[in-house]
1. Exactly one of these conditions fails for B:Arg246: (1) farther than 20 Å from B:Leu114 by Cβ; (2) modelled with pLDDT of 90 or more. Give me its number.
2. Of the conditions (1) within 14 Å of another protein chain (Cβ to nearest Cβ); (2) under 18 Å from the mean Cα position of the chain (by Cα), A:Glu223 clears all except one; give me its number.
3. Considering only region B:255-264, I want to know if a residue exists there that is over 21 Å from B:Gly115 (Cα atoms), hydrophobic (A, V, I, L, M, F, W, C) and more than 20 Å from the chain's Cα centre (by Cα).
4. Quick test of your reading of the structure: B:Leu137 fulfils all but one of (1) away from every other protein chain (no Cβ under 14 Å); (2) part of a helix (DSSP H, G or I); (3) open to solvent by 20 Å² or more (accessible area, probe 1.4 Å); (4) touching a Phe, Trp or Tyr at 6+ places or on another chain (Cβ under 9 Å). Name the failing condition by number.
5. Looking only at region B:236-257, filter to residues that are surrounded by fewer than 24 Cβ atoms within 10 Å (Cβ to Cβ) and either free of Cβ contacts under 8 Å to residues at least 12 places away in the same chain or of a type in the set (A, V, I, L, M, F, W, C) (or both); which one of those is farthest from the other protein chains (Cβ to nearest Cβ)?
6. Quick one: A:Phe240 ticks every box in (1) under 25 Å from A:Ala62 (Cβ atoms); (2) away from chain B (no Cβ under 14 Å); (3) in contact with a helix residue (DSSP H, G or I) (Cβ under 6 Å, 6 or more places away or on another chain); (4) modelled with pLDDT of 90 or more except a single one, so which number is it?
7. Just give me the residues in region A:185-202 being surrounded by fewer than 21 Cβ atoms within 10 Å (Cβ to Cβ) and either within 14 Å of chain B (Cβ to nearest Cβ) or modelled with pLDDT of 85 or more (or both), in sequence order.
8. Would you check if there is a residue in region A:69-89 being touching a Gly at 6+ places or on another chain (Cβ under 6 Å), crowded, with 17+ Cβ neighbours inside 10 Å and within 30 Å of A:Val125 (Cβ to Cβ)?
Amino acid sequence: MFGLPEDLITVIWTLIKIVVIVAPLMLGVAYLTYAERKIIGYMQVRIGPNRVGPKGWLQPIADALKLMFKEIILPTGANKMLFVVAPVLSIAPALAAWAVIPFDDGLVLSNLDAGLLYILALTSVGVYGVIIAGWASNSKYAFLGALRSAAQVVSYEIAMGFALVGVLMAAGSLNLGDIVRAQEGGFLNWYWLPLFPLFIVYFLSGVAETNRAPFDVAEGESEIVAGFHVEYSGMTFAIFFLAEYANMILIAALASVLFLGGWLSPFAGVPLLGDMTAWVPGLFWLLMKMSIFLFFFLWFRATFPRYRYDQIMRLGWKAFLPVTIFWLFVEGIAIYAEIGPWFDGVLGA
Amino acid sequence: MSEVKNFTLNFGPQHPAAHGVLRLILEMDGETIERADPHIGLLHRATEKLAEQRIYNQSIPYMDRLDYVSMMCNEHAYVMTIEKMLKLEVPERAQYIRVMFDEITRILNHLMWLGTHALDVGAMTVFLYCFREREDLMDLYEAVSGARMHAAYYRPGGVYRDLPDVMPKYKPNRWRSEKDLKRQNEGRDGSVLDFIENFTERFPGLIDEYETLLTDNRIWKQRTVDIGVIPPDLAKQLGFTGPMIRGSGIAWDLRRKQPYEVYDKLDFDIPVGVNGDCYDRYLVRMAEMRESNRIIKQCVDWLRENPGLVMAADQKVAPPPRAEMKEGMESLIHHFKYFTEGYSIPEGEAYAAVEHPKGEFGTYILSDGANKPYRLKIRAPGFAHLSAMDDMVKGHMLADVVAVIGTMDVVFGEIDR
């Protein structure tokens, strides 16, 4: 093509695909902050942003512009290199993980067979950004935030991992596309039903992983001010912010793919409705499912008080972990017994 | 390897949970608090000293600025001390109005406390719900005194003016739609008393709304049960008063133990806690709001039936009615003297205290016979509560410090004075 070497074309083509994924994602992050402020606003009997642009629609743009023109302050005594690297470390995995998310049948940047492992690895790397930020800031508040975050992410990673093992067992594959295809059928064929406890544990661990309320001890507004990013300003702060929201969207996407049948229509197999909605693209269903999860993220924030640091750990180790392990046993038995429609044929495959 | 040392954290004065300007020096072992050392004085405005330079009435507005979330109760203690020294009789209607506004103030204060306490613990929404109701009560302040916060409504001898016959309404403008206007003016068609009654009818339902979000919430309970426990004996030793001592199970309430104004004629209960932890104090304050609501209702009923004077007739210590001043020489002279020289209080001393939303708030006046106090001493409940900081947080975690600050309901206007 155009006389270019084959390799170069692959590289260019991949770059284009990355832009096509990341650009809407960044826009999604911007408008997720707007949605958050509006939705929580209405939950709290107020209006939310309504000054910039019609109905406040340009507010996120204004915020982004403001942050870009702010000075980046390097605190005295901070480790300058790590201080700047930390936000990068925190956003890179949040974006890289999108490479294996299937948006529709076959619509995926990289059809990795070890997709689930890749996701697990990347979401755990994100915490290094937080820890390094807390350490490099040379501030006691940031340091406490980093310590809390490290402990929290490590313990929730395990529960989350076990929940993923459950999906792996049911689907018999680490490829996210295959996992979705294994859920084919209708609303009741998706894994949320047979793996219900794992589904709940996965989503709540996801909330904890992204440091969102009620698990937001790493930022703990009223305790340690802003936790690990207390010393950050301007774009360095904005990148942490982007990473947090990109992670929220990622968790929502993963929960949809793993437990709610990704791009599959909820009406498939339903007599009349299934045919009527057959023309709707899979991407639409995926986005709808993600929106539901994102709404829950916001709803939690408006409703719940914050957990204490040790209570989070207790919940992770003493509640979530045993629940997942127990359910893995139940699932194992179900697979042996070949209980349909979810577990029949898993053994043979 | 070097020895592991505790580290010190400077908590405040610029901190989202410092409730103003509290500065805590926390000695911590990891997340656990070994010692908490509150530093105060960052909002010191020398109120007591300022009062020595001014005639008695000019100090009333200073009282508003002590505990700036329960303004009228502060005034109440001050004017009661003056009345005690002058042996001044207050008309019954004025007493009822004072009691009613004391209780409105209690609700105002407790709503502020609830909102900030919940916000400190991480529940954001309660805060905004509370401020919605505070708005109505602030409007009541404004209706009777002209000011939404610093009312200066209580005067020695009674209150500044009788309750207005009309409740002010929101006016239309280009930013307020017809629908909003109608909602905002709901209940404001009649007199101020009608609006207060309307509020008392709505308010229990609204308390239920806050309780739905918090009382049975597992996270809220985990964060407050068994946190900052103060046993009854210790509470007494530390000089606790108000909801802080009642949370520990001691039914100490000045409204019952040393009834002032018309509290002995009213029907209300004193809620007490059992364990003396943050959760019990939360329940006590929630129940207190319901009791205050009951008291307000009784006051409204009485005030409807009994019109009358709201200021003492002794014109040496209370201003003459405006109409008389236009014709009577005597009244004109009284008016002039009252507003320039003020009145002198005979030599002596007195202490009077009210059951302030935060505890026992009292003022002590020592007079040398002049028209200004020789010495004014203010007993602020928050000061005693804050001194217990170390006892309350020792061994708890950093996040509990925030919950304890919230449960103490500290306001630095009164602590630093």
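The values are calculated or read from the model by the stated rules, or taken from the named source; none is laboratory data. Here the structure is a predicted model, which is why all the values come from computation and not from measurement. Counting neighbours? That spans all protein chains shown, and the Cβs are built from the backbone with ideal geometry, glycine included. In case anyone asks, the SASA skips ligands and DNA or RNA and just uses the protein heavy atoms, side chains included. Shrake-Rupley method; radii C 1.70, N 1.55, O 1.52, S 1.80 Å.
1. (1)
2. Tallying (1) within 14 Å of another protein chain (Cβ to nearest Cβ); (2) under 18 Å from the mean Cα position of the chain (by Cα), A:Glu223 fails exactly one: (2).
3. Scanning region B:255-264 turns up no residue that is over 21 Å from B:Gly115 (Cα atoms), hydrophobic (A, V, I, L, M, F, W, C) and more than 20 Å from the chain's Cα centre (by Cα).
4. Against the list (1) away from every other protein chain (no Cβ under 14 Å); (2) part of a helix (DSSP H, G or I); (3) open to solvent by 20 Å² or more (accessible area, probe 1.4 Å); (4) touching a Phe, Trp or Tyr at 6+ places or on another chain (Cβ under 9 Å), B:Leu137 comes up short only on (3).
5. Checking each candidate, the answer is B:Lys257.
6. Among (1) under 25 Å from A:Ala62 (Cβ atoms); (2) away from chain B (no Cβ under 14 Å); (3) in contact with a helix residue (DSSP H, G or I) (Cβ under 6 Å, 6 or more places away or on another chain); (4) modelled with pLDDT of 90 or more, A:Phe240 violates only (4).
7. Result: A:Phe196, A:Pro197, A:Ile200.
8. The answer is yes; a qualifying residue exists.
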